[in-house]
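Encoded as structure tokens, here's the structure I'll be asking about.
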Amino acid sequence: FKYGVPVDSDCILDVRFLPNPFYIEELRPLSGLDPAVRDYVFSFPETSTFLEMQNKMLDFTIPLYVREGKVRLMIGVGCSGGRHRSVAIAEALANRLKDNNLTVIVDHRDIDKDSRYFRKRHG
């Protein structure tokens, strides 16, 4: 959370416990949108376990939020720089929610913040 916790999030997931691709020289200029970073992040068993646990939590809570009339749920996913681990996890969570026919908007707020190390993403 180098640039702060998103203040309007309903739920914050901290993934700083996962190994950091920033320290792998060839992965540093990439982001969690790149297959090489995604593969690295998901090469650790704790990543899949964490994602499974979060999916179970969302499967349980989303219908309860809907029942209470909530029409928006903002989930913040954070790591140290907001470029590698949090992006890969946010994308995986978003894809799972989309598979459940939910409308999902993903905003990687910090992905391009520190240009000293990273190439700008395209698109």
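Mind counting the residues in region 5-31 that are crowded, with 20+ Cβ neighbours inside 10 Å and over 23 Å from T49 (Cα atoms)?
So the answer is 1.
Search region 86-98 for residues that are within 15 Å of A36 (Cα to Cα) and touching a residue at least 12 places away in the same chain (Cβ under 8 Å) and pair each with any residue that is buried (at least 18 other Cβ atoms within 10 Å of the Cβ) and of a type in the set (G, A, S) when their beta-carbon atoms are under 8 Å apart and the residues are at least 6 apart or on different chains.
Within 8 Å, the pairs are S86/G32; S86/G78; V87/S31; V87/G32; A88/G32; I89/G32; E91/G32.
Somewhere in region 33-41, is a residue closer than 18 Å to D110 by Cα and among the charged types (D, E, K, R)?
yes
Looking at region 29-53, which of its residues are in contact with a Lys or Arg (Cβ under 9 Å, 6 or more places away or on another chain) and not charged (D, E, K, R)? I'd like the intermediate steps shown before the answer.
So in region 29-53, the residues in contact with a Lys or Arg (Cβ under 9 Å, 6 or more places away or on another chain) come out as 29-34, 37, 41, 47, 51.
Within region 29-53, P29, L30, S31, G32, L33, V37, V41, T47, L51 meet the criteria.
Readers should treat all values here as calculations from the given coordinates under stated rules, not as data from a laboratory. Everything numeric here is computed off the predicted structure, so don't read it as measured data. Note: ideal-geometry Cβ built from the backbone for every residue, glycine included; neighbour counts use all protein chains shown.
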